[in-house]
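What follows is a short report on a single structure.
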Amino acid sequence: MMMAPAFSMVAMMLISMGPATLSIPPLPEDKTLSGIAPPNSILYMQLYGSANPDPKSTNRVERLMAEPQVQKFIQHIEQQVRAAMSQGINDPNGPQAQAAQHGFLLLKTALTRPASIFITDFAKNAQGGPDITGGLVINVKGQAAQVKRALSFFEMMMSGGGRRPGPGGAGPPQAKDININGVSVRELPQMGRGAPGPIRWGIVNGYAFISIGNGMAEHIVSKVKNPGAAPAWLSNAKSKLMIKRPSMVMHIDLKAALKKLPAIAPNDRELAMVMKVLSAMGLDNVKGIDSVAGLGEDEFVTKSLLSFDGAPKGIFTLFDGAGLKKSALQNIPADSTYGLAFTLDAHKGYSLIKKIISEVDKDVLEEFEEGEKEIRQQLGFDINNDILKHIGSSWTLHNAPSEGGLLFTGLMATVNIKDHAELAASNAKLFELLKKMKTRERRGKRHEIFQETFYRGYSIYYGNMGLAEGVPFAPAWCITDTSLLVALFPQTIKAHIDRIKAGGGKSLATNKQVAALLKDKKPISVAYVDTPELVKMFYPIMHPVAVMMSRELAWEGFNLDISKVPSANVILKNLKPNIAYSIRTKDGFYSESHSSLPVADGGAAALMMFPAFLFSTQAEMRAVPPAQFRGNIKRARPIRKGDAKPLAPRNGKVREAAFNFTPPFHLKKAG
């Protein structure tokens, strides 16, 4: 039971990320579907369905989809999915074969035709089961008869495979016909005690629907028979987030969802705890999320708005700065295959984390603070006040070939510095401690892991993880005059220092698109991906990977023909670098991305399931023994005897420390 909310959260993220890609290129808007959208939708998603791509389109994403090699690859994948669904079926006319055939039809229809899915209410019923009200509607014009046969087949299978009740009514419960506004609708039997319902399905004027909850089937039938205008929230979302040819619209009314929490909370105590956490994080101030994705003039575009009821608070204040300046991107070389710049107040964030912990459990906060005290004693400084306090809020992450980066080997993170002297003093204490760490004794020798090297006036600190645990990285860091640099290898930092000494060179800020954003938008984050260059790097690796995967897939009935994979030139000629940004507006946080591949941003959907995830986490915490739950500050593991001294008694009981500082590998101190 505890896995259900977590599974739902993952499912929500997948749902929000994938469908926009399937509706490419999109069909024109189905206004009947838009009119069906309930005014009180808590969750809503509309897909426009996929049209035939035009090879002469001005949009490069549509031209890519229209490439003959791409079309043949899509057809091959479709054939193999159908074959995999029929794997192991001996009787071509038996119920298993029919289930595979009808299942594939419904799957393809749902993924390629105009559709909408929505939830208007959720609660717990008297038996403690889920009580959901919502619906799924699909435009099946031209294939209504086939869809009806498929739905009728699965209805029969759910009702005992067509077996009728025997004498005295014994046997499986059966579906029944009901009349709604002159339309024959099927109502399924309740799946069990506490199961949601009623569940109904039908086809009206070329629209197939499945509804759950009282009154939803009536709403759908009425709106299909008497089409009307879309609700105000849907029209406003499409207007604010206008895209030339939309393929997906998503709406989450988080404020309405939070009002439903008392109906699903296990008890008042946990409800109060969850509401405190949400308030501390600032989620109780979020009105909702709207997102539109589709084809723009030349790219695939995603626009999203996270709106607030009042000023942002909690975690959202960490990003609510004045925006990035050109100097913030100076650390990202112009040739970076990918680069990210954003604002984040880490010092303020650390304090916020403690506040959230205090809302969850005062005991956990006390244990956390005991852990902080122990770390201060061992390190000789305070992480928050002696390090995070002295770094700025302009962060970057990049990988540049000019600094030796291939895929991810040149990955470097940077952050600006507020107080160089204070940060350097804390770093000196940290390095003195790390220098004492040595490997296990082998052949009478122990080797130092962390070392210091000097390069062009700067100290570069690094740790050879290969000596410690065989990890193929040597994480390094350096404090320059203006920034803290962190990389996977010291050579990356040396190359970066050379760039600084040469005058800085061209940075990502010189990119025309990025420069325009910095000038006109004042973004709080900018992301850049050189898609053509990344494809050039990944494509040669894809061939041997595809060959190796084909063996495993064949066992599942999916016979991947690697010759059907499109050639590199077909893909590359339709690509261009991708760019995304986010800004603070009077309505909230607005984000926009432009990509030459149809990839939508769906991370915001996780907010919808976060409260349920908190409920499940609390239940799991109660089920886990304290010694197993409490973690090591560097590596989660059970508390072992001798790890720490007992804390001071409280309420007549002696408690053991919950946090202990130990290295993340087995080392011995020198001497």
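For segment 515-542, give me each residue that is closer than 16 Å to Trp395 by Cα and assigned to a helix (DSSP H, G or I).
Result: Leu518, single match.
Checking the conditions here, which among Phe368, Phe342 is more than 23 Å from Pro475 (Cα to Cα), in contact (Cβ under 8 Å) with a residue 60 or more places away in the chain and aromatic (Phe, Trp, Tyr)?
Unique residue meeting the criteria: Phe368.
Would it be correct to say that Ala145 is modelled with pLDDT under 95 and not charged (D, E, K, R)?
Spelling it out, it is not the case that Ala145 is modelled with pLDDT under 95 and not charged (D, E, K, R).
Kindly list, by first and then second residue, each pair from a residue in segment 301-322 that is over 30 Å from Pro577 (Cα atoms) to a residue that is in a strand (DSSP E or B) and open to solvent by less than 20 Å² (accessible area, probe 1.4 Å), limited to pairs with Cβ atoms under 8 Å and residues at least 6 apart or on different chains.
Phe308/Val286; Phe308/Gly588; Asp309/Val286; Pro312/Gly588
So which residues in segment 26-48 are surrounded by fewer than 22 Cβ atoms within 10 Å (Cβ to Cβ) and more than 24 Å from Asp253 (Cα to Cα)?
Leu27, Pro28
Scan segment 514-534 residue by residue and report those that are touching a helix residue (DSSP H, G or I) at 6+ places or on another chain (Cβ under 7 Å), modelled with pLDDT of 90 or more, open to solvent by less than 30 Å² (accessible area, probe 1.4 Å) and of a type in the set (A, V, I, L, M, F, W, C).
Those that are touching a helix residue (DSSP H, G or I) at 6+ places or on another chain (Cβ under 7 Å), modelled with pLDDT of 90 or more, open to solvent by less than 30 Å² (accessible area, probe 1.4 Å) and of a type in the set (A, V, I, L, M, F, W, C): Val514, Val526.
Evaluate the following for Tyr350: is it within 24 Å of the chain's Cα centre (by Cα) and within 24 Å of Gly505 (Cβ to Cβ)?
In short, no.
Please indicate, with yes or no, whether at least one residue in segment 325-336 is at negative phi, crowded, with 19+ Cβ neighbours inside 10 Å, of a type in the set (Ser, Thr, Tyr) and modelled with pLDDT of 95 or more.
Yes, some residue in segment 325-336 is at negative phi, crowded, with 19+ Cβ neighbours inside 10 Å, of a type in the set (Ser, Thr, Tyr) and modelled with pLDDT of 95 or more.
Please count how many residues of segment 168-184 are surrounded by 13 or more Cβ atoms within 10 Å (Cβ to Cβ) and modelled with pLDDT under 75.
Final tally of qualifying residues: 2.
Is at least one residue of segment 378-396 modelled with pLDDT under 90, open to solvent by 40 Å² or more (accessible area, probe 1.4 Å) and closer than 22 Å to Phe473 by Cβ?
No: zero hits.
Going residue by residue through segment 338-347, is there one that turns out to be under 16 Å from Asn416 (Cα atoms) and β-branched (Val, Ile, Thr)?
yes
Which strands (runs of 3 or more DSSP E) sit wholly inside segment 403-480 and have at least 3 residues that are within 26 Å of Asn331 (Cβ to Cβ) and open to solvent by less than 50 Å² (accessible area, probe 1.4 Å)?
411-417, 458-463, 476-479
Within segment 337-361, can you find the residues that are open to solvent by less than 30 Å² (accessible area, probe 1.4 Å) and of a type in the set (Val, Ile, Thr)?
If the condition is that a residue be open to solvent by less than 30 Å² (accessible area, probe 1.4 Å) and of a type in the set (Val, Ile, Thr), then Thr337, Thr343 are the ones that fit.
Looking for something over 29 Å from the mean Cα position of the chain (by Cα) and in contact (Cβ under 8 Å) with a residue 12 or more places away in the chain - is there at least one such residue anywhere in segment 109-120?
No; the residues of segment 109-120 include none that is over 29 Å from the mean Cα position of the chain (by Cα) and in contact (Cβ under 8 Å) with a residue 12 or more places away in the chain.
Filter segment 125-161 down to residues that are within 34 Å of the chain's Cα centre (by Cα) and among the hydroxyl-bearing types (Ser, Thr, Tyr), then give me how many there are.
Total satisfying the criteria: 1.
Filter segment 481-513 for residues that are of a type in the set (Gly, Ala, Ser), open to solvent by 40 Å² or more (accessible area, probe 1.4 Å) and touching a residue at least 24 places away in the same chain (Cβ under 8 Å) and give the result.
Result: Gly505, single match.
Which condition number does Phe431 fail, the rest of (1) touching a Ser or Thr at 6+ places or on another chain (Cβ under 6 Å); (2) within 21 Å of Ser459 (Cα to Cα) being met?
(1)
Can you find a residue that is within 26 Å of Ser567 (Cβ to Cβ), buried (at least 16 other Cβ atoms within 10 Å of the Cβ) and either of a type in the set (Gly, Ala, Ser) or touching a Lys or Arg at 6+ places or on another chain (Cβ under 8 Å) (or both) anywhere in segment 105-113?
No, every residue in segment 105-113 fails to be within 26 Å of Ser567 (Cβ to Cβ), buried (at least 16 other Cβ atoms within 10 Å of the Cβ) and either of a type in the set (Gly, Ala, Ser) or touching a Lys or Arg at 6+ places or on another chain (Cβ under 8 Å) (or both).
Determine which single condition Glu367 fails, assuming it passes every other condition in (1) under 22 Å from the mean Cα position of the chain (by Cα); (2) open to solvent by less than 30 Å² (accessible area, probe 1.4 Å); (3) among the charged types (D, E, K, R).
(1)
I'm told Gln87 meets every condition in (1) assigned to a loop (DSSP other than H, G, I, E, B); (2) open to solvent by less than 70 Å² (accessible area, probe 1.4 Å) except one. Can you identify the failing condition by its number?
With (1) assigned to a loop (DSSP other than H, G, I, E, B); (2) open to solvent by less than 70 Å² (accessible area, probe 1.4 Å) applied to Gln87, the lone miss is (2).
Under 8 Å by Cβ, and 6 or more places apart or on different chains, what pairs join a residue from segment 552-575 that is more than 17 Å from Glu67 (Cβ to Cβ) with one that is open to solvent by 40 Å² or more (accessible area, probe 1.4 Å) and not hydrophobic (A, V, I, L, M, F, W, C)?
Leu553/Asn559; Glu556/Gln87; Gly557/Ser86; Gly557/Gln87; Gly557/Gly88; Ile562/His543
From the set of residues in segment 116-155 that are among the hydrophobic types (A, V, I, L, M, F, W, C) and in a helix (DSSP H, G or I), which is surrounded by the fewest Cβ atoms within 10 Å (Cβ to Cβ)?
Among those that are among the hydrophobic types (A, V, I, L, M, F, W, C) and in a helix (DSSP H, G or I), it is Ala145.
Using the structure shown, decide if Val565 is touching a helix residue (DSSP H, G or I) at 6+ places or on another chain (Cβ under 9 Å) and either open to solvent by 80 Å² or more (accessible area, probe 1.4 Å) or over 30 Å from Lys326 (Cα atoms) (or both).
yes
How many residues are in contact (Cβ under 8 Å) with a residue 60 or more places away in the chain and within 21 Å of the chain's Cα centre (by Cα) when one looks only at segment 269-300?
Residues that pass the stated criteria total 11.
Could we say that Val249 is among the aliphatic types (A, V, I, L, M) and over 19 Å from Lys124 (Cα atoms) here?
Yes, satisfied.
Which numbered condition in (1) open to solvent by less than 30 Å² (accessible area, probe 1.4 Å); (2) modelled with pLDDT of 90 or more; (3) out of contact with any strand residue (DSSP E or B) (no Cβ under 9 Å at 6 or more places or on another chain) is the only one that Ala546 fails?
(2)
The values are calculated or read from the model by the stated rules, or taken from the named source; none is laboratory data. Nothing here was measured: the structure is a model prediction, and the numbers come from that model. Cβ coordinates were reconstructed from backbone atoms using ideal geometry, including for glycine residues, and neighbour counts include every protein chain displayed. Accessible surface is based on the protein model in full, side chains and every heavy atom, while ligands, DNA and RNA are left aside. Shrake-Rupley method; radii C 1.70, N 1.55, O 1.52, S 1.80 Å.
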